[in-house]
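Each reported figure results from applying straightforward, stated rules to the coordinates on display, with no laboratory input. All of these numbers come straight from a predicted model, not from anything done at the bench. In this analysis, Cβ positions are derived from the backbone assuming ideal geometry, glycine residues included, and neighbour counts consider all displayed protein chains.
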Amino acid sequence: MGGVCSRGDEDDDIIIEGESDGENELEIKFLCVSDKNRESSTGEVDPEGKSLMASTVQTGLMVHRRGKWKIVWNDICEATASSINKKDDELLSITTNLSDIVQHDGHYLTFDDCTGNVYQLTYDDGESSLSPLNIKGLKKSNIKWAFKRKEKVYYGTSLNLINKESDISSLRMATKTVKHNNILKFNKTLYKTLGIAKNGYMSIESALYRTVTEELLLIPHQFSMEPFSEERKNMDGTKKLIFVKWKIQETSKDLNKKREKDIRVVELNCTWDRNKGITAIDWIDEDQGVIAAISTTNIENCTESHLLVFNTEGKIIMEPEAFPEEINYQGLCVN
């Protein structure tokens, strides 16, 4: 089993709601999507002559039995879609960079982190496909994370001040409409609270909302007290969990009113390899604060992903296990 962290304590008994096939056994289904970037092109076209793109889909089971975890990996499959990007943009017309994925009303929604396009992903017994959704108000956006909150799906950019990315969008699937808000003021408050306002940087790729505590959880994929450098690209992973008070009746705009007292930071209780960064999270049990996560390494001559489980207090519940294939997974949905 490959790992991104290590700790010395033994697993405590874990009680998590889910499907059970026997005494003390729990099976948790999951689905992951990959960011294939330039490798997403299949080299084929559809009947209309549009480029066919593909994203790798990995499904499986996290099994907890008698205090121990194991992962049952299913065979991977490719979800294909026709390009919906402008023909005059050669790169975008032959690539799809899927980032996060959420489940809403029984459907999987996934997002292109280069174009801002939203897709519905269909998966059934090893077969998968992608269908672009016609959403009113969509705009080109570097989408990195997504989560459900009340009846809406929220998604946003990396909150990287260097790249001037400070946007959050709220998608209402009932009307297929989306609203965009700039949260630059909130982003600057985050940087100040975390002590990186002057020289450091961060890039957020994972987010969830926890209704029971009315908090937004953000996890940086990259975090550094030092200025960004190309030499260290994807080599500043972190174990920080950032919690922001955000009452259920508040809107996206209200994030710009947050102060340092509204933000708290928890760290995972483990030793962290900084070449690995968390790219996706989802609730296993929101009430108990149990989270499944993907961490990835994406540096020269090394691309790999791991699946792990921890809680909102920073305790590692399931040690990281490597995916069977060396693929950059960016989206995770727990069923």
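By its C-alpha gyration tensor, with a ≥ b ≥ c as the square roots of the eigenvalues, how is segment 202-335 shaped: rounded for a/c under 1.5, else prolate for a/b larger than b/c, else oblate? Display every interim value, and only then the final one.
Values: a/c = 2.00, a/b = 1.36, b/c = 1.48.
Oblate, because a/c is 1.5 or more while a/b does not exceed b/c.
In this Cβ point-charge picture (+1 for Lys and Arg, -1 for Asp and Glu), the chain has a dipole of about 2220 debye about its Cα centre. If you run the Gaussian network model on the chain, springs between alpha carbon atoms under 10 Å, then out of GLY277, GLY237, GLY195 the most flexible one is GLY195.
Cα centroid separation, segment 251-279 to segment 109-156: 23 Å. Of all the Cα-Cα pairs you can form in the chain, what percent are over 27 Å apart? For the chain, the share of Cα pairs beyond 27 Å comes to 43 percent. A simple spin-label model places pseudo-atoms 7 Å from Cα toward Cβ; at ALA174 and ILE162 they are separated by 4.2 nm.
Can you give the Rg/Rh ratio of segment 95-177, where Rg is from the C-alpha atoms and Rh is the Kirkwood radius? Intermediate results must be reported in sequence, preceding the final value.
On the way: Rg = 12.7 Å, Rh = 13.1 Å.
Across segment 95-177, the Cα-based Rg/Rh ratio is 0.97.
Database remark: amide H of ASP236 closer than 5 angstrom to the amide H of PHE223 (H placed geometrically; neighbours at sequence offset of 5 or more, or on other chains; Pro and chain starts carry no H). Here's how it looks for ASP100: its modeled amide H is under 5 Å from those of PHE111, which are all 5 or more places away or on a different chain. Cross-link check: pairs LYS29/LYS258; LYS29/LYS276; LYS36/LYS245 evaluated at a Cα-Cα cut-off of 32 Å; pairs beyond the cut-off: LYS29/LYS258; LYS36/LYS245.
Would you calculate a helix-derived [θ] at 222 nm for the chain, using -39,500 (n - 2.57) for each DSSP H run of n ≥ 4 and dividing by the full residue count, to the nearest 500? Numbers along the way, then the final one.
Values: 1 runs with 10 residues, N = 335.
Estimated from H runs of four or more residues: -1000 deg cm²/dmol.
What do you get when you divide the Cα radius of gyration of segment 264-303 by 2.2 N^0.38 Å, with N the number of residues?
That ratio works out to 1.42.
When the Gaussian network model of the chain links Cα atoms closer than 10 Å, the mean-square fluctuations of VAL57, VAL72, VAL118 top out at VAL72. Charge tally around LYS192: other residues with Cβ under 10 Å, Lys/Arg +1 each, Asp/Glu -1 each, net +2. GNM on the chain, alpha-carbon springs under 10 angstrom: the most fluctuating residue among MET62, MET173, MET235 is MET173. Net charge in the neighbourhood of ILE101 (other residues with Cβ under 12 Å of its Cβ; Lys, Arg +1, Asp, Glu -1) is -4.
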